[in-house]
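Presented below is the structure to which this report refers.
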Amino acid sequence: MAVQEKPGTATGRTTHVYQILAEDIKAMGVDTVFGLMSDDTAHFCVTLDAVGIDFIGARHENIAITMADGYAAATGRLAVVCVGRGPAMTNGLHGATFANRTGNPVLIIQGDVAIPGGSTNSQGPDYKGVDASSVLKAVGIRTFIPTSAKTARQTLADAAATARRGTAVVLLLPVNVQEAEIEIPADDEGPAPVDAKPIPPRPGKPARSQSITAATALLSTAKKPLILAGHGAHKSGAKGALIALAEKTGALLATTAKGKDMFRGHRLNLGIIGSFSHSAARRMASEADCVLVFGAGLNILTMSFGESLPADVPLIQVDALRASIGRWTTADVAVVGDAKLVAEQLINALPDRAAANKPFHGAETQDFLKAFTITKDFQPANTARTVDPRSLAVALDRLLPEKRSMVYDSGNFLGVLPYLSVPGPEYFKMTNDFASIGLGFGAALGVAKARPEVPTVLVVGDGAFLMTMGELETVVREDLPLVVVLMNDCAYGAELHFLRMRQLPVAKSVFPDVDFAPIAEAFGYDAHTVRTLDELEALAPMLGNPEGPIFLDCKINADIAAPFMSEIVAAETRQH
């Protein structure tokens, strides 16, 4: 068994490497490990459980790894996941590539072939043989490999310390290294401890006075400035400073998608700028005569493929990393520094401004914003057997508990994103970092495990759901508080509109109308099929106080294209 070891003596004890590695992981403060065991990690996985770590098993390696990423995103802690080698490694490569792009601290532990020799048996062939290091290097993931029992503990510590800096790394554990015996002295303190608790924010650095002077000069002449905050601004704790800066300069406030609802409820808030904007935000952004960006990369979705912000006004970009400034969109003034500190520097450097010189704060603009409701942006297109996804989202926003975590898979249904609010960016997660569908279910499970006291709502399309449907069982087995909102348009929605907008045949992108609620019910869900808003309203008591797993198969009108679909076509037209 995994927990067996030779009796200890006055000079120490002899145990297997997998045993001491499990103990070291627990000593880091890790209390949860996600995974899917294989023959080459089975000893290690059951030992993790034996030493008191909660091992959460998934039904697919992709899900296990994205669970860890969701958990890291929700807690800020180092998340650990363990899967097997060969086919398990390649199964999880999708999720590992995604996790490597999110900036969350994720340690992926994988089995690996015995070294030296390259086979786990003497007869051959090694059906699981894959050059894991080369594959992982090709997708940009750093790997660590202990070459002996003596180096295994320090290699684990090094991998964990690297991951904790905000990246995904893979620790490859050769099977013979795992199963080797190692002597542990009685006074052994192990490698330098790695703390898996939330990483305290690094001390921010203020900007150079020269860049503050340049930014101040532009802001001093701007009559209608716009402050755009991204996820980096949220992580720096800049919310209060940005509100104060907006008050002083007469600016309006807006966010990127990943900064969603940072300024929710504030009178100057425009919501999201870009492909997920409402019409009021688009109108007011078009009037801005200076844009001040904090902690945002200004990617194609924030920029609406070049159409969200006026092109002929100065853009000041503030970021803690110099390499992030101007990476996707040209910045006229670069300010390298912590978002909160730079905002405070600008407040101190700028002169006071009379109310008459703050037109964005005037009665006309404020009355317009106060009177605006997002439902004015569309005419509902419900049918006898489907509901407009925008109307569905508006109703869900009202019916679900106000404090909730929202996790989105990817697809055309993302057009509903502006209609569902969250308490703040920390309760919101998109999974489009790898431009793929099928990653949302795992991320939602990780978030739900991290925050059992808050309902987690997964918004997923039917295409992605069919890829990950097996995880319905994981939710019930692990007793995770999850509400699944299936946006079922009986199609690969993005591909459907991609083809339709180019006047190409759409038949291969559409599918039969399958009722998934009975399937979810068989797993133990409170499951319902929703074809009308009245059917949704009838579920109000359940949705207002979710207990146990809930599954809504929402039949949505497939004719509703997300705004970014037409933006893509428009961008293609401009290029040609």
Query raised in the report: When the residues of the range 43-57 are filtered to those that are hydrophobic (A, V, I, L, M, F, W, C) and open to solvent by less than 30 Å² (accessible area, probe 1.4 Å), which remaining residue is farthest from VAL83 (Cα to Cα)?
Result: VAL51
**Report entry** In the range 391-448, residue modelled with the lowest pLDDT [restricted to those that are open to solvent by 10 Å² or more (accessible area, probe 1.4 Å) and of a type in the set (Ser, Thr, Tyr)]
**Finding:** SER436
Query raised in the report: Taking the stated definitions as given, is ARG264 of a type in the set (D, E, K, R), free of Cβ contacts under 8 Å to residues at least 24 places away in the same chain and out of contact with any Phe, Trp or Tyr (no Cβ under 7 Å at 6 or more places or on another chain)?
Result: no
Query raised in the report: Could you say whether any residue in the range 82-97 is open to solvent by less than 40 Å² (accessible area, probe 1.4 Å), β-branched (Val, Ile, Thr) and closer than 22 Å to THR456 by Cβ?
Result: no
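I'd like to know if the range 102-112 contains one or more residues that are closer than 24 Å to LYS26 by Cβ and in contact with a Pro (Cβ under 9 Å, 6 or more places away or on another chain). It would help to see each step written out before you state the result.
Our first condition is that a residue be closer than 24 Å to LYS26 by Cβ; within the range 102-112, this holds for 104-112.
Next, from what is left, pick out any that are in contact with a Pro (Cβ under 9 Å, 6 or more places away or on another chain): 111-112.
Yes, that holds for at least one residue.
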Requested in this report: For VAL170, indicate whether it is touching a residue at least 40 places away in the same chain (Cβ under 8 Å), in contact with a Ser or Thr (Cβ under 9 Å, 6 or more places away or on another chain) and β-branched (Val, Ile, Thr).
Outcome: yes
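Going through LEU242, LEU253, LEU173 one at a time, which residue ends up being more than 16 Å from GLN345 (Cβ to Cβ) and in contact with a helix residue (DSSP H, G or I) (Cβ under 6 Å, 6 or more places away or on another chain)?
On the way: LEU242 fails: more than 16 Å from GLN345 (Cβ to Cβ); LEU173 fails: in contact with a helix residue (DSSP H, G or I) (Cβ under 6 Å, 6 or more places away or on another chain).
The match here is LEU253.
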Query raised in the report: Any residue in the range 148-156 that is closer than 30 Å to GLY297 by Cβ and assigned to a helix (DSSP H, G or I)?
Result: no
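Has the range 372-387 got at least one residue that is crowded, with 22+ Cβ neighbours inside 10 Å and of a type outside the set (Lys, Arg)? Steps first, please.
Here is the first cut: in the range 372-387, the residues crowded, with 22+ Cβ neighbours inside 10 Å are 386-387.
Checking the rest, the ones that are also of a type outside the set (Lys, Arg) come to 386-387.
Scanning the range 372-387, I find at least one residue that is crowded, with 22+ Cβ neighbours inside 10 Å and of a type outside the set (Lys, Arg), so the answer is yes.
Taking the range 291-307 as the region of interest, how many residues are over 23 Å from the mean Cα position of the chain (by Cα), open to solvent by less than 40 Å² (accessible area, probe 1.4 Å) and at pLDDT below 95? Step through it out loud before you land on a result.
Let us first name the residues in the range 291-307 that are over 23 Å from the mean Cα position of the chain (by Cα), namely 291-292, 306-307.
Those still in the list that are open to solvent by less than 40 Å² (accessible area, probe 1.4 Å) too: 291-292.
Remaining after also requiring at pLDDT below 95: none.
Matching residues across the range 291-307 total 0.
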Report summary line: Checked the range 326-337 for anything touching a strand residue (DSSP E or B) at 6+ places or on another chain (Cβ under 6 Å) and either under 23 Å from PHE276 (Cβ atoms) or among the hydroxyl-bearing types (Ser, Thr, Tyr) (or both); matches are ALA331
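Can you tell me which residues in the range 449-459 are open to solvent by 10 Å² or more (accessible area, probe 1.4 Å) and part of a loop (DSSP other than H, G, I, E, B)?
Applying the first criterion (open to solvent by 10 Å² or more (accessible area, probe 1.4 Å)) to the range 449-459 yields 449-453, 455.
Matches in the range 449-459: ARG451, PRO452, GLU453, PRO455.
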**Report entry** Elements of type strands (runs of 3 or more DSSP E) contained in the range 166-261, each with 3 or more residues being closer than 21 Å to GLY103 by Cα, of a type outside the set (Ser, Thr, Tyr) and open to solvent by less than 20 Å² (accessible area, probe 1.4 Å)
**Finding:** 168-174
**Report entry** Matching residues in the range 383-413 - criterion: being more than 22 Å from GLY424 (Cβ to Cβ) and of a type in the set (Asp, Glu)
**Finding:** ASP388
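The values are calculated or read from the model by the stated rules, or taken from the named source; none is laboratory data. As the structure is a computational prediction, the values presented were derived from the model and not from experiment. Using ideal geometry, Cβ is built from the backbone for each residue, glycine included, and neighbour counts are taken over all protein chains shown. Accessible surface areas use protein heavy atoms only, side chains included; no ligands, DNA or RNA. Shrake-Rupley method; radii C 1.70, N 1.55, O 1.52, S 1.80 Å.
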